[in-house]
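Scroll down for the structure; my scribbles are underneath it.
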Amino acid sequence: MFHRRIWLGFLCILASPLTTPMRAQDLPADSPRRTAMVEVIERTLPSVVAIRVVERNEAEVRVHIGSGAILHEHGYVLTNAHVVRNAKAGELQLSDDRVLPFQTLVRWPCEDLAILRIPSAPSLKPATIGRSHDLMLGEPTVVIGSPTGLARSVSTGIVSGLSRATRTEYAFLPSMVQTTAATSGGSSGGPLLNALGQQIGVITSRDTSAQNISFAIMIDHVRQVFPNMVAAEQRIGFQFGAAVDMLAEEAKVTEIRAGSPAEAAGLQVGDVVTHFDDLIVRQGIDFHLMTTRLRPDKSTNLRYRRGEETHETMVTPTGLEPLDSVAVENVQPGLQAEVYAGLWDKLPDFQTLESVERKVIPQVKLDEFPMFQDKFAMRATGFVKIPADGLYGFYLRSDDGSQLFIGDRQIVDNDGLHAAKDAGGLIRLKAGL
């Protein structure tokens, strides 16, 4: 028996060089195993990260896990707000197992979205951002993420529902796509992909009372809320003055504010921005990520295309002063509310209308006017006390239209006929009323 064990071991040593397993990259290109779906996953995997956040308090230490998609090779990652919670920093794992620290750049709970920044990031592979306006029921989907912490997990399915709505612990989310691709805790924040490997959604939640029902925020919705979410001018405190088409395949300028640094630099509507300094700009999401690098009175080289010609210009953002407070005497608690009878698709111009009822109310609640059940609009005006100079966020939740103005500036736009949803906005304010 003793001799037999030695002999078997000897055979294993001799045989081992002859049984080296074939690796995936050794398969011939025309192997039937290398399907189109396999190639999509291979291309996309380097653009997906696993996220780990540690939450500490006096009673316990909790670890939260999630997923994310790399937006730009310079170290920007898209995920859910509920993945990072209130953490200002954490760790993420790349597809090659490198672990890097991240900082939370933007957290936008009303849309359950967040943007992470990897300081001194190596060159990363960004996800290809697609569109979700033309999704078809039954088309293939892929989810890559870290369910229960298992990084680089892949599941496949189909688009099984459109224009869905779901609620998370943070927000009511109406712009969702439903998929049968399996997800679990830790999948949140990861990309939902189509058969071309384009990101068409951000995995956010699943129906725990049923099987194979998961929800993702449609990528077109992410594109549309991105400028308001990033809001670099307000967050950092500078004026730049350019807007771009968020649904286009490139960063085409749609607006230049009069008297802005962008106008002074010669930028025009219709120009296509391609670089901030040496950092590439592919579309509107890249454009707004690059604005987070701008600072007051610090010049940036902007490269853009006008027609068939490429141009360069230096843009120097100016400082953004907080909105001044107003001097008011004998301020009383409450809001002056006025009700207007009518039927509109969007909020009307109240200056042209005659109110049918008015009174002071303690807060914005429609049931303050019980005799009006539908076919009416309400305007409430008042003052808000700001304790200190700084950046403030305001949020509205409504079904159908609502807007918030401070002074003559629109801060939140939640207008139009729609199901209940949240919207928010940021503004720099001085202390006072």
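The values are calculated or read from the model by the stated rules, or taken from the named source; none is laboratory data. Worth saying up front: this structure is predicted, and the values here are computed from it rather than measured. A quick note on method: Cβ atoms are made from the backbone with ideal geometry, for glycine too, and the neighbour counts reach across all protein chains shown.
Of note:
- Qualifying positions in segment 93-146 - polar (S, T, N, Q) and under 26 Å from Thr179 (Cα atoms): Gln93, Ser95, Thr128, Ser132, Thr141, Ser146
- Strands (runs of 3 or more DSSP E) contained in segment 21-115 and holding at least 1 residues among the small types (Gly, Ala, Ser) and either at pLDDT 95 or above or in contact with a Pro (Cβ under 9 Å, 6 or more places away or on another chain) (or both): 48-56, 61-72, 89-93
- Once segment 185-226 is narrowed to residues that are among the hydroxyl-bearing types (Ser, Thr, Tyr) and either in contact with a Ser or Thr (Cβ under 7 Å, 6 or more places away or on another chain) or at pLDDT 95 or above (or both), the residue that is farthest from Val63 (Cα to Cα) is Ser214.
- Residue among Tyr395, Tyr340 that alone is more than 31 Å from the chain's Cα centre (by Cα) and surrounded by 14 or more Cβ atoms within 10 Å (Cβ to Cβ): Tyr340
- Extreme residue, farthest from the chain's Cα centre (by Cα), among residues of segment 277-302 that are at pLDDT 95 or above and of a type in the set (Asp, Glu): Asp297
- For segment 345-357, the count of residues that are more than 26 Å from Val326 (Cβ to Cβ) and touching an Asp or Glu at 6+ places or on another chain (Cβ under 8 Å) is nonzero.
- Exactly one residue out of Ser184, Ser160, Ser120, Ser153 is assigned by TED's automatic domain parsing to the domain that holds His64, surrounded by 20 or more Cβ atoms within 10 Å (Cβ to Cβ) and of a type in the set (Gly, Ala, Ser), and it is Ser153.
- One residue stands out among those in segment 145-197 that are assigned to a loop (DSSP other than H, G, I, E, B) and among the aliphatic types (A, V, I, L, M): the one that is farthest from Thr44 (Cα to Cα), which is Ala171.
- From the options Val364, Val360, Val273, residue that is part of a strand (DSSP E or B), surrounded by 11 or more Cβ atoms within 10 Å (Cβ to Cβ) and not assigned by TED's automatic domain parsing to the domain that holds Gly259: Val360
- Evaluation of Pro126 against the conditions (1) modelled with pLDDT of 95 or more; (2) buried (at least 20 other Cβ atoms within 10 Å of the Cβ); (3) of a type outside the set (Lys, Arg); (4) outside any loop (DSSP other than H, G, I, E, B) shows that the sole unmet condition is (4).
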